[in-house]
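Peer 1: Below: one structure in C-alpha cells.
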Amino acid sequence: MDKKDLEREFHMAGGDGETSYARNSSFQKKGSDMAKHITLETLQQLYKETRPKSLAIADLGCSSGPNTLSTIKEIIKAVEVAHNNEISNQPLPELSFFLNDLPGNDFNSIFKSLPDFHTELKRDVKNGDFPSVFIAAYPGSFYGRLFPEKTIHFIYSSYSLHWLSKVPPALYDEQGKSINKGCISICSSSPEVVSKAYYSQFKEDFSSFLQCRSKELVAAGRMVFIILGREGPGYVDRGNSFYWELLSRSIMDLVAQGETEEEKLDSYDLHFYAPSAAEIEDEVKKEGSFQLESLEMLEVDSEKGNVDDDSYGNEVAKTIRAVQESMLVQHFGETILDKLFDTYARIVDEELAKEDIRPITFVVVLRRKL
C-alpha cells in the first residue's frame with residue numbers, strides 16, 4: 001500500500017463503542033503515564049529557559065479518545081507550576097495545542113469533549129489565574145512539514161513513530177508479490193531481506209521526521225516521543241514483533257478453516273517497525289539537528305485481566321484490534337474480524353502460558369540545537 005492510500009485509510013478505531021480506540025488504549029495510557037515525569041520535566045525546563053508569552057505545543061499522532069485531553073491537562077498544570085516558581089508576578093502564558101494525526105482520525109470525538117474539558121479546567125483553578133488555552137487540529141502525515149518555521153516550542157508524540165509512512169517497497173518482487181509469505185511483518189520465518197527492507201524504510205522516515213521538526217521548532221525547543229522498540233540488535237524477539245507474528249498465525253488459522261484465502265494473508269503487510277535504541281541514536285546523530293538528552297527503556301504491560309476477568313490475550317486482542325481494524329477491514333472484509341480476534345486472544349494466552357512476552361517502549365528526549 002503506498003503513502004497516499006495509507007494516509008487516507010489508516011486510523012485508530014473512532015467513536016466510543018466496544019472496539020473503539022477510546023475504550024481500548026489503556027496500554028498506551030499506562031506507557032504515557034510511566035513516562036509522564038520525563039515529559040513534564042522536559043517541558044518545565046524548556047519553559048524556564050525561554051519564558052515565552054505564548055507557548056506552542058504539538059501532539060503528533062494524537063489519535064482520539066480520553067488520552068489526548070488528559071495529556072493536555074497534565075501539560076497545562078506543569079506549565080502553571082513552572083510559571084509560578086519562576087515568574088509568578090507575570091500573567092500566565094497563552095497555550096496553543098496543535099493536535100496532529102492522519103486525516104481519517106476521529107478528530108470530532110475530541111472536539112465534542114472540549115466544552116466539558118474547558119469547564120473542568122476552570123473548576124480546577126485555585127487562585128483565579130486561568131491560562132488562555134487554544135486547541136486546533138492539524139491533519140496530515142508527520143513525515144512531512146506540518147507547521148510554519150520556528151513556531152513550535154514543544155513536540156510530544158506517544159505511540160506513533162513506529163508506524164512507517166508506507167509498507168517498504170522492497171518487500172515486493174517484480175510481479176508486485178510480497179516476498180514475506182505467511183507473515184504480515186517481521187517474523188521468525190521472514191527472509192533477511194525483509195528485516196533490511198523495514199529497517200531501511202525506518203531510517204528514511206525517521207530522518208524525514210527529524211528534518212521537518214527541526215525546521216518547525218524554535219531554537220532549543222524540545223521533543224519527547226514514546227515509541228515501541230526492541231532490546232537487542234536481532235529483529236525478532238518475544239516483544240512487539242512477536243504480537244504481529246501471532247496475528248499472522250491467527251490469520252493462517254482462518255485460512256486453514258476456509259474463512260479467508262492464503263493469497264490475502266500473503267498480500268497483507270504492516271507498515272510497522274520497532275527500532276532498537278542504537279538505531280534511534282544513530283539516526284539522530286546522522287541527521288544532526290538534535291541533541292539526544294535522554295533515552296530510557298520502559299516495560300509496559302497490558303493489564304493482566306481486569307474487573308471483568310478478561311484474559312490477558314483478550315486485553316491484547318482489543319488493543320491490537322483498535323489499532324489495526326481500519327486496515328484489516330479494507331483488506332479482508334469485516335466478516336472475519338470477530339473470529340480473527342477470538343483466535344488471536346486464545347493464541348496469545350497459549351504463548352504466555354509457555355513463556356513471557358515482553359514488549360519494550362522507549363522514551364526519547366531531543367533538544368533542538370541552536
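Peer 1: Does SER96 fit the bill of being without any contact (Cβ under 8 Å) to a residue 60 or more places away in the chain and open to solvent by 30 Å² or more (accessible area, probe 1.4 Å)?
Peer 2: no
Peer 1: Also: Can you tell me how many residues in the stretch 83-120 are within 28 Å of PHE209 (Cβ to Cβ), of a type in the set (S, T, N, Q) and at pLDDT below 85?
Peer 2: Qualifying residue count for the region: 2.
Peer 1: Given the criterion under 21 Å from ARG368 (Cβ atoms), open to solvent by 10 Å² or more (accessible area, probe 1.4 Å) and either in a strand (DSSP E or B) or basic (Lys, Arg) (or both), identify the matching residue among LYS166, LYS150.
Peer 2: Among LYS166, LYS150, only LYS150 is under 21 Å from ARG368 (Cβ atoms), open to solvent by 10 Å² or more (accessible area, probe 1.4 Å) and either in a strand (DSSP E or B) or basic (Lys, Arg) (or both).
Peer 1: I'd like to know if the stretch 128-140 contains one or more residues that are surrounded by fewer than 16 Cβ atoms within 10 Å (Cβ to Cβ) and without any contact (Cβ under 8 Å) to a residue 12 or more places away in the chain.
Peer 2: Within the stretch 128-140 (the criterion being surrounded by fewer than 16 Cβ atoms within 10 Å (Cβ to Cβ) and without any contact (Cβ under 8 Å) to a residue 12 or more places away in the chain), the answer is yes, since at least one residue qualifies.
Peer 1: Does SER195 satisfy the criteria of being touching a residue at least 24 places away in the same chain (Cβ under 8 Å), out of contact with any Asp or Glu (no Cβ under 9 Å at 6 or more places or on another chain) and open to solvent by 50 Å² or more (accessible area, probe 1.4 Å)?
Peer 2: Here the answer is no, as SER195 does not meet what is asked.
Peer 1: Okay, moving on. Looking at GLU325, is it open to solvent by 20 Å² or more (accessible area, probe 1.4 Å), of a type in the set (D, E, K, R), within 18 Å of the chain's Cα centre (by Cα) and modelled with pLDDT under 90?
Peer 2: yes
Peer 1: What residue, of ASP301, ASP253, is acidic (Asp, Glu), open to solvent by 40 Å² or more (accessible area, probe 1.4 Å) and within 23 Å of the chain's Cα centre (by Cα)?
Peer 2: Unique residue meeting the criteria: ASP301.
Peer 1: Another question, then. Hey, does the stretch 206-227 have a residue that's among the acidic types (Asp, Glu), modelled with pLDDT of 90 or more and either in contact with a Pro (Cβ under 6 Å, 6 or more places away or on another chain) or open to solvent by less than 20 Å² (accessible area, probe 1.4 Å) (or both)?
Peer 2: Within the stretch 206-227, one or more residues are among the acidic types (Asp, Glu), modelled with pLDDT of 90 or more and either in contact with a Pro (Cβ under 6 Å, 6 or more places away or on another chain) or open to solvent by less than 20 Å² (accessible area, probe 1.4 Å) (or both).
Peer 1: Shifting gears a bit: Under 7 Å between Cβ atoms, at least 6 apart or on separate chains: pull out the pairs that start in the stretch 251-264 with a residue that is under 16 Å from LEU328 (Cβ atoms) and end on any residue that is open to solvent by 80 Å² or more (accessible area, probe 1.4 Å) and outside any loop (DSSP other than H, G, I, E, B).
Peer 2: LEU254/LYS339; VAL255/GLU262; GLU259/LYS339
The values are calculated or read from the model by the stated rules, or taken from the named source; none is laboratory data. All values reported here derive from a predicted model rather than from experimental measurement. Quick reminder, even Gly has a Cβ in these numbers, built from the backbone with ideal geometry, and neighbours come from all protein chains shown. Ligands, DNA and RNA are excluded from the accessible area calculation, which covers all protein heavy atoms including side chains. Shrake-Rupley method; radii C 1.70, N 1.55, O 1.52, S 1.80 Å.
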